[in-house]
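Remarks on the structure that follows.
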Amino acid sequence: MQFRNAILGVTLGAALLSGGAAEAVTVEISTFSGETIGTPPVAYLNGDIVRYDSVTKAAGVVFNESSFTGSEDIDAWDVLPGGDVLLSTLTAATLGGTTFQNGDIARWNGSTLSIVFSESNFLDPATADIDAVSMHPTNGNLLFSTRADATIGALSFLDGDIVMWDGATASIFFAESSFGAGDINVDAFDLAGDGTFLLSTVDDVTLDSVLYLNGDLILYDPNTFTASRVFPESDFATTPADIDAAAFSIFPIPEPGTASLLGLGLAGLGLAGRKRSARR
């Protein structure tokens, strides 16, 4: 939690005015298609995870899809303080010899994988696909959103809702209706220690009368219902680009010479990535 508070201390140094660009954070992102970003330019595939600082423009691939058995598409991602990551994929995937489903949430430490949430908890596991995930920095509960509306136990929720799972029951952590901007499908999310959160959406969205693109990263304050753009889609070499997973990063940007090593094997830092090759 301390790293997130430190990051947000910088980010929120600029007031969260509607549409205002706050000080950028270091983030880890993946996109719907391969892109180029950073100075010097870093080209990556849609199965890679890229760490990026939009102030310094430094970028580095920290994990690539070759760590999976076969080509995969990660559609949910969170970096934990100890270096492990949480992830989910668009289809069933195998990592570290363990296979998981697209409605599962897996925890990866660079060598072993465990399932921390099973898609069997959904009323209809066959159609449930988690496409955004974060761990609550205070209580450790899982927070997630799904590709489509879904039901867990007695709780039915929308694809723009953020659900909290305490290991036994699900509840609405943040309702799509609270955005006040119509139908919003969240496909990237990460909660900070002060209650604000990063998000990106499947389609362009208007918040506080400001248009945000699906390649933007938004920092949203649920207490004041205000938003700021912490990462503009225009930072990509070619646009449009669609971010479909993102998280605050707790690591420095890797040097160009070490980035490929991190991508190929240093999944040991717990960073993994494969993004959607099939769009909703």
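The values are calculated or read from the model by the stated rules, or taken from the named source; none is laboratory data. Remember, it's a predicted structure, so these values are computed and weren't measured experimentally. Neighbour counts run over all protein chains shown; Cβ positions are idealised from the backbone, glycine included.
Which of the residues belonging to segment 210-256 are under 22 Å from Val79 (Cα atoms), among the β-branched types (Val, Ile, Thr) and at pLDDT below 90? Ile250, Ile253 - these are the residues of segment 210-256 that are under 22 Å from Val79 (Cα atoms), among the β-branched types (Val, Ile, Thr) and at pLDDT below 90. Here the condition is being assigned to a loop (DSSP other than H, G, I, E, B), within 19 Å of the chain's Cα centre (by Cα) and of a type in the set (A, V, I, L, M, F, W, C); of Ala106, Ala128, Ala132, Ala76, it holds for Ala128 alone.
Selection within segment 135-145: residues that are without any contact (Cβ under 8 Å) to a residue 60 or more places away in the chain and assigned to a loop (DSSP other than H, G, I, E, B). The member of this set that is farthest from Ala188 (Cα to Cα) is Asn139. Among the residues of segment 40-47, is there at least one that is within 19 Å of Ser111 (Cβ to Cβ), in a loop (DSSP other than H, G, I, E, B) and touching a strand residue (DSSP E or B) at 6+ places or on another chain (Cβ under 7 Å)? Looking for residues that are within 19 Å of Ser111 (Cβ to Cβ), in a loop (DSSP other than H, G, I, E, B) and touching a strand residue (DSSP E or B) at 6+ places or on another chain (Cβ under 7 Å), one finds none in segment 40-47, hence no.
It is to be established whether one or more residues within segment 176-183 are among the aliphatic types (A, V, I, L, M), in contact (Cβ under 8 Å) with a residue 60 or more places away in the chain, within 27 Å of Thr239 (Cβ to Cβ) and surrounded by 15 or more Cβ atoms within 10 Å (Cβ to Cβ).
No, segment 176-183 contains no residue that is among the aliphatic types (A, V, I, L, M), in contact (Cβ under 8 Å) with a residue 60 or more places away in the chain, within 27 Å of Thr239 (Cβ to Cβ) and surrounded by 15 or more Cβ atoms within 10 Å (Cβ to Cβ).
The set of residues in segment 109-125 that are in a loop (DSSP other than H, G, I, E, B) and closer than 19 Å to Ser171 by Cβ comprises Ser118, Leu123.
Annotation note: Cβ proximity below 7 Å between a residue of segment 216-237 that is at positive phi and a residue that is at pLDDT below 95 (sequence gap 6+ or interchain) occurs for Phe225/Gly180.
Just checking, does segment 119-137 include any residue being of a type in the set (Ser, Thr, Tyr) and at pLDDT below 95? I'd like the intermediate steps shown before the answer.
Narrowing segment 119-137 to residues of a type in the set (Ser, Thr, Tyr): 120, 127, 134.
Checking which are at pLDDT below 95 leaves us with 127.
Yes: one or more hits.
Being farther than 29 Å from Asn121 by Cα and modelled with pLDDT under 95 is a description that does not apply to Asp187. The residues in segment 50-73 that are more than 18 Å from Pro240 (Cα to Cα) and either of a type in the set (Lys, Arg) or not in a loop (DSSP other than H, G, I, E, B) (or both) can be counted, and the count is 12. Could you please find all residues in segment 96-153 being of a type in the set (Lys, Arg) and surrounded by fewer than 21 Cβ atoms within 10 Å (Cβ to Cβ)? Of everything in segment 96-153, just one residue is of a type in the set (Lys, Arg) and surrounded by fewer than 21 Cβ atoms within 10 Å (Cβ to Cβ), namely Arg107.
Name the single residue that is surrounded by the most Cβ atoms within 10 Å (Cβ to Cβ) among those in segment 188-221 being part of a strand (DSSP E or B) and charged (D, E, K, R). Lay out the reasoning, then the answer.
To start, the set of residues in segment 188-221 that are part of a strand (DSSP E or B) comprises 188-191, 197-201, 205-207, 210-212, 217-221.
From what's left, charged (D, E, K, R): 190, 221.
Details: Asp190: 28, Asp221: 16.
Looking at the filtered set, the residue picked out is Asp190.
For beta carbons closer than 6 Å, sequence separation of 6+ or different chains, a first residue in segment 146-162 that is among the β-branched types (Val, Ile, Thr) and a second that is surrounded by fewer than 15 Cβ atoms within 10 Å (Cβ to Cβ), the qualifying pairs are Thr151/Leu123.
Quick check, is Gly82 assigned to a loop (DSSP other than H, G, I, E, B) and crowded, with 20+ Cβ neighbours inside 10 Å? If you could, list the steps in order and put the result at the bottom.
Values: assigned to a loop (DSSP other than H, G, I, E, B): yes; crowded, with 20+ Cβ neighbours inside 10 Å: no.
So Gly82 does not fit the description; no.
Of all the listed residues (Ser120, Ser66, Ser30, Ser88), the sole one being within 13 Å of the chain's Cα centre (by Cα) and farther than 21 Å from His136 by Cβ is Ser30. I'd like to know if segment 43-52 contains one or more residues that are modelled with pLDDT of 90 or more, under 21 Å from Asp235 (Cα atoms), touching a Lys or Arg at 6+ places or on another chain (Cβ under 6 Å) and not hydrophobic (A, V, I, L, M, F, W, C). Within segment 43-52, none of the residues are modelled with pLDDT of 90 or more, under 21 Å from Asp235 (Cα atoms), touching a Lys or Arg at 6+ places or on another chain (Cβ under 6 Å) and not hydrophobic (A, V, I, L, M, F, W, C).
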